[in-house]
Amino acid sequence: MWQMQGKQRRLIGFARATSDHAFNATLWDVVVHPDFQSKGLGKALMKFIIKKLRSDDISNITLFADPHVVEFYRNLGFISDPEGIKGMFWYPD
Ligand SMILES: CC(C)(COP(=O)(O)OP(=O)(O)OC[C@H]1O[C@@H](n2cnc3c(N)ncnc32)[C@H](O)[C@@H]1OP(=O)(O)O)[C@@H](O)C(=O)NCCC(=O)NCCS
């Protein structure tokens with residue numbers, strides 16, 4: 001997401017998605033610059049990326065939510081897995 005000022009553009013938000021190009025995609029690094037938060041841009045960014053993935057026929061979109069943004073994603077329709085699937089992590093000792 002860019003702020004345009006004349007010919008200059010400034011990065012003010014981004015999100016990444018990794019996908020198997022078939023069924024599944026996972027969202028990463030959803031970020032809006034602090035100066036531009038609480039203006040609806042995060043929601044717009046999420047709707048944009050979901051629309052793009054849906055247009056590519058991706059039917060399952062997942063993400064790992066930090067505790068302080070669970071409600072943000074819930075408001076966009078994200079739910080805990082209905083079958084109880086848990087995100088699991090492995091770290092080196
Ligand atoms: C989380 C983040 C992307 C939200 O972007 P934003 O532009 O501030 O959010 P918006 O203004 O689009 O808010 C959309 C809605 O979500 C709500 N919302 C925003 N942040 C929220 C939060 N942390 N918790 C609960 N609700 C939140 C807003 O109140 C708004 O509600 P409304 O539609 O009823 O008015 C942004 O705060 C951010 O970049 N945070 C730091 C990085 C981060 O934590 N990313 C997530 C990593 S999992």
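Where a number appears in this text, it was derived from the coordinates with a stated rule and is not lab data. Bear in mind the structure is a predicted one, so any value in this text is a computation, not a measurement. For neighbour counting, all protein chains shown are included, and Cβ atoms are generated from backbone atoms with ideal geometry for every residue, glycine included.
What percent antiparallel are the DSSP beta bridges of the chain, to the nearest 5? Mind dumping the intermediate values first?
Working: 10 of 14 bridges.
Approximately 70 percent, going by the DSSP bridge assignments.
Report the gain in length on full extension from Gln8 to Ser38: 0.36 nm times residue separation, minus Cα-Cα distance, nm rounded to one decimal.
On the way: separation 30, 0.36 × 30 = 10.80 nm, distance 2.35 nm.
Using 0.36 nm per residue and subtracting the Cα-Cα distance, I get 8.5 nm.
Ranked by Cβ crowding within 10 angstrom, fewest neighbours first, how are Trp28, Trp90 ordered?
Values: Trp28 12, Trp90 4.
So the ranking, lowest neighbour count to highest, is Trp90, Trp28.
If contacts are Cα pairs under 8 angstrom and at least 6 residues apart, what is the relative contact order of the range 2-74 in percent?
Working: 79 pairs, mean separation 21.4, N = 73.
Relative contact order, the range 2-74: 29 percent.
Report, in debye and to the nearest 20, how large the dipole of the range 2-74 comes out about its Cα centre when Lys and Arg carry +1 and Asp and Glu carry -1 on their Cβ.
Details: 11 positive and 7 negative charges, 88 e Å.
About 420 debye.
Counting helices only, and only those DSSP H runs with n ≥ 4, report the 222 nm mean residue ellipticity of the chain as the sum of -39,500 (n - 2.57) divided by its residues, in deg cm²/dmol to the nearest 500. Walk me through the numbers on the way to the answer.
On the way: 2 runs with 20 residues, N = 93.
So the helix-based figure for the chain works out to -6500 deg cm²/dmol.
Return one number: the angle in degrees, 0 to 90 and rounded to the nearest 10, between the long axis of the Cα atoms of helix 41-55 and the longest principal axis of the Cα atoms of the chain.
With both axes taken from Cα atoms, the answer is about 60 degrees.
Using the Cα centre of the range 2-74 as origin and beta-carbon charges of +1 (Lys, Arg) and -1 (Asp, Glu), tell me which of Thr26, Gly13, Ile61 is placed farthest towards the positive end of the dipole.
Of Thr26, Gly13, Ile61, it is Gly13.
Under a plain spin-label model, where a point goes 7 Å from the Cα along Cα-to-Cβ, how far apart in nm are Met88 and Ser19?
Modelled inter-label distance: 2.8 nm.
Quick one: Met1, Met88, Met46, fewest Cβ neighbours within 10 Å first, how do they rank? If you can, show how the numbers build up before the last one.
Values: Met1 17, Met88 5, Met46 21.
Neighbour counts put them in this order, fewest first: Met88, Met1, Met46.
So for the range 2-74, what are the equivalent ellipsoid semi-axes in whole Å, largest first, each being the square root of 5 times an eigenvalue of the Cα gyration tensor?
Numbers: eigenvalues 110, 54, 18 Å².
Square roots of five times the eigenvalues give 23, 16, 10 Å.
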